[in-house]
1. Please find, within region 46-86, the residue that is surrounded by the most Cβ atoms within 10 Å (Cβ to Cβ) out of those that are out of contact with any Gly (no Cβ under 7 Å at 6 or more places or on another chain) and among the polar types (S, T, N, Q).
2. For a quick check of your reading: which helices (runs of 4 or more DSSP H) sit entirely within region 33-111 and have at least 2 residues that are under 10 Å from the mean Cα position of the chain (by Cα) and modelled with pLDDT of 90 or more?
3. Across region 6-45, what is the total count of residues that are surrounded by fewer than 16 Cβ atoms within 10 Å (Cβ to Cβ) and more than 30 Å from F70 (Cβ to Cβ)?
4. Go through region 6-22 and count every residue that is at pLDDT below 90 and in contact with a helix residue (DSSP H, G or I) (Cβ under 9 Å, 6 or more places away or on another chain).
5. Against the definition (under 21 Å from V81 (Cβ atoms) and free of Cβ contacts under 8 Å to residues at least 40 places away in the same chain), how does I40 come out, yes or no?
6. What are the residue pairs meeting all of these: first residue in region 19-32, first residue under 17 Å from I87 (Cβ atoms), second residue part of a loop (DSSP other than H, G, I, E, B) and of a type in the set (A, V, I, L, M), Cβ atoms under 8 Å, and 6 or more apart or on different chains?
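The values are calculated or read from the model by the stated rules, or taken from the named source; none is laboratory data. Just so you know, these numbers come straight off a predicted model, no measurement behind them. FYI the Cβ positions are ideal-geometry reconstructions off the backbone, even for glycines, and counts take in every protein chain you see.
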Amino acid sequence: MTRVLEYLLDGTGALYVSIDIDVVNASDAPATSAPGYLGIPARALIEALGVLAAVGTLAGIDLCEVNPEFDLSGRTEYRAVDAVLAIIGDRLFDRVGDLPPDQLRAVLLRP
């Protein structure tokens with residue numbers, strides 16, 4: 001990921017990232033319009049996005065293809081929140097320490 005970023009950022013002033021949740025294994029994110037066979041594990045996506053979080057010229061992100069009607073368990077929505085927070089979480093929150101994922105979800109996804 002670091003080598004790819006070095007290539008992409010060479011001579012650019014800003015980075016925009018578009019994330020399609022279809023890249024994640026269907027078992028981790030079943031609520032997509034086109035679940036992928038042999039996608040990447042959700043953990044791998046989160047780790048890659050964590051590397052992106054350190055890019056100072058990151059100008060924007062989007063995340064698409066989450067359809068809550070296809071996943072009554074909410075797993076896909078949780079993966080989407082995890083993905084977005086992996087990139088912008090440190091920019092949004094003054095952290096004393098890391099919150100456990102379940103506690104953070106409870107705060108952000110309160111009905």
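1. Step by step, filter region 46-86, then rank; the result is T76.
2. 42-53, 75-92
3. Total meeting the criteria: 9.
4. The total comes to 1.
5. Judged against the criteria, I40 is a match.
6. Listed pairs, sorted by first residue: I21/A29; I21/V66; A29/V66.
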